[in-house]
Amino acid sequence: MKKIFIIILLFVFFLHYNIGFSQKNILHLNILEPGQPQLNITVIPPIFLEPKEDYDNSTKELVNKFYHIFLNNLSYLPFLNLINPDELVGGKKINGVTLRDIDFKKFALNKIDFLITIGWKIIEKQNIKIEVRTFDVYTPSFYLGRGYIINKIVHTYLAANKFCAGFMKKLTGKSGFFQSKIAFVKRLKDGSKNLFISTPQGYLPKQITFLKNIVLSPAWSWDGKKLVFTYLSNNQHKLLLWSEGHIKNIFIPGNTIISPNFTPKGEIVVSSDMKGNPDIYLLDEKFKIKKALISSWAIDISPSFDKRGDRMAYVSSIYGNPNIFLYDFKNKKTVRVSYIGKYNTNPCISSNGKYIVYSTLTEKGHRIVLANLKTFEEKIITNGPGNDEHPVFGPDNYFIAFTSNRSGIYKIYITTKDGTKPMLVNTGDGEATSVAWSKTYF
C-alpha cells in the first residue's frame, strides 16, 4: 500500500489562492459533541483544463471513476449535505476551477457552504494530473487544495481517500475514517468463512486467509500490523495470529477459545474454558497463559480495551443473563454498564475511554446501544429492521461499524455515535460479518 502511495503521489502540491482569505472565517466542526449542524456542499463535475488537446475514452473513464468515488466518500460524512449540482438555481457552470474563475453569488443564493472543483489534464506518459480545490462560499475564500497523479483504477481510490482525509481533518480535526482499514469475515461459495481487509467503504478488498472452515471474531493489534482471531475446525477452537501474510497457531488449553483481542501494549487477551466456564486470560510474549484477568463461576468473554489500557469492557453472566461490565485495573473495581434489556453482548470501548457500544436483544431483534461512561446513560442508536450486532468504534471514536441482516443477508454498515442513518459497506456478494476496525492510520 505504501509503495502505491509513493507512485501516485509523485506530484502532490498545495494550491494556495489567498484572495479574501481570513483565518477567522474557516469553518470547523466538533463532531464529538452533540448538535452539529449540516453543511451544504456541492462538487462540480471534473473540468478538462486543456480543451485544445484530446483524450481517449479510457482516460475520461478514469477521471469519472475518481469523481464518483469522491462523491461516495463524502456521502459517509453525515455532517455534510451533498447537493446535486444539477439542481442548483442558476446552474452549475463555472468558468474554471480557481477562485478567480467562480461567481460565488449564485452558490451563496443556493445556500452552499462549500464548493469543490475538480480540474484535470494529461501529462507525459499518459499520466493524469487531478487538481481538487475546496472553497468557502460565504467568505469567499480558498479552503483546501491538493493535486494527484493517477494512471490506474487503484489510484482513483487512494487519491479520493487522501483528499477526503485532508478535508475531514481540516474541518473536524479527525481523519481516521479515510486513513484506516477494516477486517471482516466473509462467507465464500465453498461454505468457508475467511478474513478480508478493505477500506471502511469496502474499497480495495483483499482476502488474507484461505482456510477450509470458519474464521470468527477478528481483532486488530493497536499498531495495525496483526490480526488475532478464532478458527473453528472440526468442532475445535483454535487461536490464530495473522502477521505480514503469515499465520501462527497459538496453542492454549481449553475447548472453547473465543473473543480474542489485543491490549494497547500488544499483548493478546482471550477467553478460554480451561477451568470450566470461560474466563478471560492474558497471554505473555511467548503466547502462554500469564494470568486470569477476569475469573468467576460465570461466563466471562469479549474483552475490549481503551487506549491507555486502564479499563476493560467485557461480558459476564454473573447476574444470570449476559451483561456488559467495566473493569478498572488501577482501582481494581468492576461496575455494571448495561441496564437496557436482559441479553447484552459484544462490547467495544472507545479508544478515548468515553463510551461503550454493545448489542442488546429487544422484542424486535438486536439493536446497538451507546453507553456514556461519564454519566452512564444509555441510548439505542439503531432501529433495524432485523438484527444489528457486533458494533466496533472507528479510530476517531465517532464512526461505528456493525453487522446487520436488515437486507435479508448479513452485511456491514456504518453509523455514528449519534445514530445517523447507517451506510452500507460494499463487501461484494455473500455474507459479511464480524467487522474489526483498525485503530491506526495508514
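The values are calculated or read from the model by the stated rules, or taken from the named source; none is laboratory data. Keep in mind that this is a model prediction, so the values were computed, not measured. As a convention, Cβ positions derive from the backbone with ideal geometry for all residues, glycine included, and neighbour counts pool all protein chains shown.
Can you say whether ILE368 is modelled with pLDDT under 95 and not small (Gly, Ala, Ser), as far as the supplied structure shows? When the stated conditions are applied, ILE368 does not pass them.
One residue stands out among those in segment 371-405 that are at pLDDT 95 or above and among the small types (Gly, Ala, Ser): the one that is surrounded by the most Cβ atoms within 10 Å (Cβ to Cβ), which is SER404.
Against the condition hydrophobic (A, V, I, L, M, F, W, C), part of a loop (DSSP other than H, G, I, E, B) and surrounded by 15 or more Cβ atoms within 10 Å (Cβ to Cβ), how does ILE340 come out, does it pass? Against the criterion (hydrophobic (A, V, I, L, M, F, W, C), part of a loop (DSSP other than H, G, I, E, B) and surrounded by 15 or more Cβ atoms within 10 Å (Cβ to Cβ)), ILE340 qualifies. Can you find, within segment 421-433, the residue that is farthest from ASN81 (Cα to Cα) among those that are surrounded by fewer than 16 Cβ atoms within 10 Å (Cβ to Cβ) and either outside the structural domain of VAL215 (by TED's automatic domain parsing) or of a type outside the set (Asp, Glu) (or both)? Selected residue: GLY430. Checking each residue in segment 128-140 for being among the aromatic types (Phe, Trp, Tyr) and either in a strand (DSSP E or B) or crowded, with 18+ Cβ neighbours inside 10 Å (or both) picks out only PHE135.
When restricted to residues that are of a type in the set (Phe, Trp, Tyr), outside any helix (DSSP H, G or I) and within 18 Å of LEU39 (Cβ to Cβ), segment 141-168 contains 2.
Within segment 287-306, the set of residues being aromatic (Phe, Trp, Tyr) and free of Cβ contacts under 8 Å to residues at least 24 places away in the same chain comprises TRP297 only.
The conditions of being within 23 Å of SER316 (Cα to Cα), modelled with pLDDT under 95 and either acidic (Asp, Glu) or not assigned by TED's automatic domain parsing to the domain that holds THR172 (or both) are met by ILE340.
Of all residues in segment 388-415, how many are assigned to a loop (DSSP other than H, G, I, E, B), under 20 Å from TRP437 (Cα atoms) and free of Cβ contacts under 8 Å to residues at least 24 places away in the same chain? Of the residues in that region, 2 qualify. If you check SER302 against the conditions, is it assigned to a loop (DSSP other than H, G, I, E, B) and either under 29 Å from THR420 (Cβ atoms) or not assigned by TED's automatic domain parsing to the domain that holds ALA432 (or both)? No: the conditions fail for SER302. The set of residues in segment 79-127 being surrounded by 12 or more Cβ atoms within 10 Å (Cβ to Cβ), more than 29 Å from the chain's Cα centre (by Cα) and among the small types (Gly, Ala, Ser) consists of GLY96, ALA108.
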